[in-house]
1. Considering each of 222, 170 in turn, give the residue that is crowded, with 20+ Cβ neighbours inside 10 Å, more than 18 Å from the chain's Cα centre (by Cα) and part of a helix (DSSP H, G or I).
2. Would you mind finding the one in 126, 133, 139 that is more than 17 Å from the chain's Cα centre (by Cα), closer than 18 Å to residue 156 by Cβ and in a helix (DSSP H, G or I)?
3. Cβ-Cβ below 7 Å, separation at least six or inter-chain, first residue in the stretch 34-56 and in contact (Cβ under 8 Å) with a residue 12 or more places away in the chain and on the phi < 0 side of the Ramachandran plot, second surrounded by 13 or more Cβ atoms within 10 Å (Cβ to Cβ) and outside any helix (DSSP H, G or I): which pairs?
4. Looking at 138, 132, 101 in this structure, which one is buried (at least 23 other Cβ atoms within 10 Å of the Cβ) and within 28 Å of residue 194 (Cβ to Cβ)?
5. How many residues does the stretch 47-74 contain that are buried (at least 18 other Cβ atoms within 10 Å of the Cβ) and closer than 15 Å to residue 25 by Cβ?
């Protein structure tokens, strides 16, 4: 956690400059799949992501099999297994998610984004299985790779809270808000931790003030996003 209290936030995602529903995205990429001039491999990856987000694992698996069968590229294979792991998360099959993420990790992709999020998602899934000590290793590795994302800080906070290391967990949640105040999940976890474990204020005397700053940052990010939408 830094002490200069600068916050980052990211705008809402859109498609062709306009917000869309997941159903709109599905129709868009299914149409692209019928176009012989399109990169069908890339389209299949997008459809995998869409069906993952919808929790439609059968469809995600079907496109994943085709995608993985037609590529020998390590980065692309890692992306495929990573997306399948996410699909397993969406149906709460965290054991399968961890196995698929581990396959992606063993491929040793070079891209920073992949290396970060594979480890982050392993940590998240292990947290869901109450395997906090195992999760901590991967989440710390993710943070070492990239400090600009909020995800691993937030998941590390959950991991540390699961080990009853509440002051450390609070600091990690604050770091998540600092990394991306547009994502309010870390603030909610921080507020819940402070409410349920009052003794954390003894180990973290400035916690009340830092929660206030996090709330202000999240509110500012939300206002900025609303103005841009």
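Each value in this text was obtained by applying a stated rule to the coordinates, not by laboratory testing. All values derive from a computational prediction rather than experimental measurement. All Cβ positions, even for glycine, are placed from backbone atoms using ideal geometry, and neighbour counts span all protein chains on display.
1. Details: 222 fails: crowded, with 20+ Cβ neighbours inside 10 Å.
Step by step, each of 222, 170 is checked, and only 170 is crowded, with 20+ Cβ neighbours inside 10 Å, more than 18 Å from the chain's Cα centre (by Cα) and part of a helix (DSSP H, G or I).
2. Details: 126 fails: more than 17 Å from the chain's Cα centre (by Cα); 139 fails: more than 17 Å from the chain's Cα centre (by Cα).
Exactly one of 126, 133, 139 is more than 17 Å from the chain's Cα centre (by Cα), closer than 18 Å to residue 156 by Cβ and in a helix (DSSP H, G or I), namely 133.
3. Note: pairs meeting the criteria are 41/71.
4. After ruling out the rest, the residue left standing is 138.
5. Final tally of qualifying residues: 8.
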